[in-house]
Each structure stands twice: as structure tokens, then as C-alpha cells.
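Written out below as C-alpha cells is the structure these notes cover.
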Amino acid sequence: MIIQIEVLMMIQTVALKALRDNYIWMVVNPHDSTCIAVDPGASAPVITFLQRHQLRLSTILVTHHHPDHTQGIPDLLDQDPLIIGSAHSTCPYINRKIQEGQQLHLPQMNLTLRAFETPGHTLCHISFLIENQLFTGDTLFSAGCGRIFEGTPSMMYHSLQKLIQLPDDTKIYCGHEYTQQNLVFASHVEPHNLIIKNRLAWAKTQQNTLPSTLAYERHINPFLRSDHPDVIQAAQTYNPETTRDPIDVLSTLRTWKNEFKPDLLL
Ligand SMILES: [Zn+2]
């Protein structure tokens with residue numbers, strides 16, 4: 001199901017919903033009918049989209065190896081795509097490995113992408129920047145961050161810090177639609193934050209809350225605000241052993257969030 005089209009100067013980025021709450025982002029170059037699929041966790045929505053719009057899949061981006069981001073790849077191999085992912089990834093389909101800070105020109109799309117290694121959710125997690133669009137997989141969500149499965153709170157903290165160095169108008173395209181439940185948690189952490197309150201009211205009226213922007217995330221995302229006095233105080237109230245170290249605060253927030261929605265797998 002196509003639910004959104006975001007028009008930039010050249011490319012169009014389209015959201016395909018897959019599985020329970022995953023997004024597959026399709027970056028389309030309308031001038032030569034090629035496109036990129038980001039994290040195809042299922043093949044059927046991608047194949048339907050390609051056929052309907054008579055597009056060729058030139059590239060797949062893989063943020064990390066989890067099946068809900070990769071299990072659509074085998075059915076897309078007949079398109080012979082370039083499959084770009086972390087040099088450290090265990091995903092067997094990656095045929096173009098990329099590392100921290102590397103830029104890669106995609107001649108077929110006339111685009112350049114830049115890679116940021118963002119470990120924490122998994123050790124091999126990588127995020128991709130194309131123009132001002134940042135594909136963050138399961139590292140940075142709107143108003144939240146991924147669960148820390150393979151890495152450490154320190155890794156996740158430094159990954160998030162790396163991403164928020166980008167400009168305010170950077171658009172955030174993440175791997176799941178978790179915004180509303182993340183904002184419910186954020187409003188418990190910062191009950192007096194009116195931007196969170198207003199964003200939550202807005203999110204309740206939307207089927208698709210993405211892309212977000214870094215400007216918004218700086219105000220509504222507790223995991224980017226672990227040095228803010230109100231967030232520190234909330235974390236210390238939840239767990240009095242929490243220090244003022246922002247990594248320690250992030251660690252407590254992540255534990256708190258896990259217990260706040262115990263059935264939620266990010
Ligand atoms: Zn994941």
C-alpha cells in the first residue's frame with residue numbers, strides 16, 4: 001500500500017508498509033525509472049510497486065541484518081540490484097560493503113549516499129544519508145530509539161550523537177511506525193514538554209508520521225535529550241542509581257521504555 005509521496009528536487013521517496021509496522025522506503029528517480037529499496041523486509045509490496053510504476057530496482061540499502069529488514073531480498077535478486085550494507089554485516093546478500101564516513105556515488109540514480117556506522121541495536125547497524133534524507137533503520141525512531149540487542153548503551157549514545165550533528169532540516173526515515181507509542185513514553189518522561197504533548201495529539205490523527213526532522217527530534221526524543229535536566233531527573237526518579245552521565249541516563253531510559261511497553265519488540 002502506498003501511503004505517502006515526498007517530493008524533493010529530483011527524487012521521490014515513497015513509503016511502503018510491510019509486515020506489522022515496518023516501512024520499506026522506495027527512493028525513486030522519475031527521470032530514468034530506477035529506484036532504491038531501503039530495508040525490504042518483504043518482497044511483495046516492492047514487486048507490486050515496481051510493476052505498477054514500471055520501475056527497475058537498481059539498489060537495495062540494508063541498515064542491519066534483522067529478518068524484518070532483509071527477508072524480501074532473495075525474491076528481488078532477479079533485478080540484479082547493487083546491495084549496499086555494512087562491511088561488518090552478516091547479511092549474505094550484500095555485494096557492496098560500505099564503512100563509516102564513506103561516500104558512494106550511484107551513477108544510475110545520479111545520487112551520492114553517505115554512510116554512518118550506528119551500532120547499538122545491532123553491532124553492524126549502518127544509517128544512510130541521501131541528499132537531506134536520513135535512513136536510520138532501527139537506530140533512531142521518531143521520539144525513540146531501537147532496543148539495544150547486540151551493542152551497549154554507550155554505542156547507542158554515540159550513534160545517536162553522530163546523527164544529530166546533521167542539520168535541522170534532515171528528514172528522518174526510520175524502519176518502523178512507532179511514533180505514537182514512543183511519544184506516549186516521552187510524555188511520561190517529560191510531562192511538561194508541550195512540544196511532545198502537541199506532537200502526540202498530532203500523531204494520533206496520522207497513519208504515517210514520517211518523515212520526521214532532526215529539528216523535531218531534538219525537542220521530542222528523550223533518547224536525544226539525556227543531558228536535559230528534566231530528563232535526568234525523570235531517569236533518576238525511575239532508578240535512583242542513575243548518575244548525570246548522559247550515557248547512564250540513556251541506559252535507564254531504555255530499560256524504562258522496555259518495561260513501559262513490555263510486549264514491544266523494536
Ligand atoms: Zn532490528
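Throughout, read-outs are computed from the coordinates displayed, never taken from laboratory work. Note that the structure is predicted; figures quoted are calculated from it, not measured. All Cβ positions, even for glycine, are placed from backbone atoms using ideal geometry, and neighbour counts span all protein chains on display.
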Per-residue Cβ contact counts at 10 Å, fewest first, order 170, 90 as 90, 170
Kindly provide the pair-distance distribution of the chain built from C-alpha pairs, with 10 Å bins from 0 and whole-percent values in order of increasing distance. 7, 32, 36, 19, 6, 1
On a full-extension model of 0.36 nm per residue, what is the gain between residue 131 and residue 20, subtracting their alpha-carbon distance, rounded to one decimal in nm? 37.1 nm
Tell me, 46, 14 in order of fewest to most beta-carbon neighbours within 10 Å? 14, 46
Sparse-neighbourhood loop hits (trypsin sites (Lys or Arg not before Pro), the range 9-55; DSSP loop; Cβ within 10 Å at most 12 others) -> 20
Give me the one-decimal nm value for the distance between modelled label points at residue 87 and residue 230, 7 Å along each residue's Cα-to-Cβ direction. 4.3 nm
How high is the FRET efficiency from residue 75 to residue 104, r the C-beta distance, R0 22 Å, rounded to 0.05? 0.35
Share, in percent, of DSSP beta bridges within the range 2-260 that are antiparallel, nearest 5: 70 percent
Report relative contact order for the range 197-257 in percent, whole number only (criteria: Cα-Cα under 8 Å, sequence separation at least 6). 23 percent
Taking all pairs of distinct Cα atoms, average 1/r, flip it, and tell me the Kirkwood hydrodynamic radius of the range 1-129 in Å to one decimal place. 14.6 Å
Enumerate the calculated ³J(HN,Hα) couplings along the range 43-57 in order (Karplus 6.51 cos²θ - 1.76 cosθ + 1.60, θ = phi - 60°), each rounded to whole Hz, writing x wherever the residue is Gly or Pro. 8, 4, x, 5, 4, 4, 5, 4, 5, 5, 9, 6, 10, 10, 7
Sparse-neighbourhood loop hits (trypsin sites (Lys or Arg not before Pro), the range 228-262; DSSP loop; Cβ within 10 Å at most 14 others) -> 244
Report the Cα centroid-to-centroid distance between the range 108-142 and the range 5-77 in angstrom, as an integer. 15 Å
Loop GluC sites (Glu not before Pro), the range 162-266, which have at most 16 other Cβ atoms in a 10 Å radius of their Cβ (DSSP): 241
Using the Karplus curve 6.51 cos²θ - 1.76 cosθ + 1.60 with θ = phi - 60°, work out ³J(HN,Hα) for each residue of the range 178-191 in order, rounded to whole Hz, and write x for Gly and Pro. 10, 4, 5, 5, 5, 5, 4, 5, 4, 6, 6, 5, 10, x
Quote the charge dipole size of the range 111-266 about the Cα centre in Debye, to the nearest 20; the model charges only the Cβ of Lys and Arg (+1) and of Asp and Glu (-1). 280 debye
If you place +1 on the Cβ of every Lys and Arg, -1 on the Cβ of every Asp and Glu, and leave all else neutral, what size is the dipole of the chain about its Cα centre, to the nearest 20 Debye? 320 debye
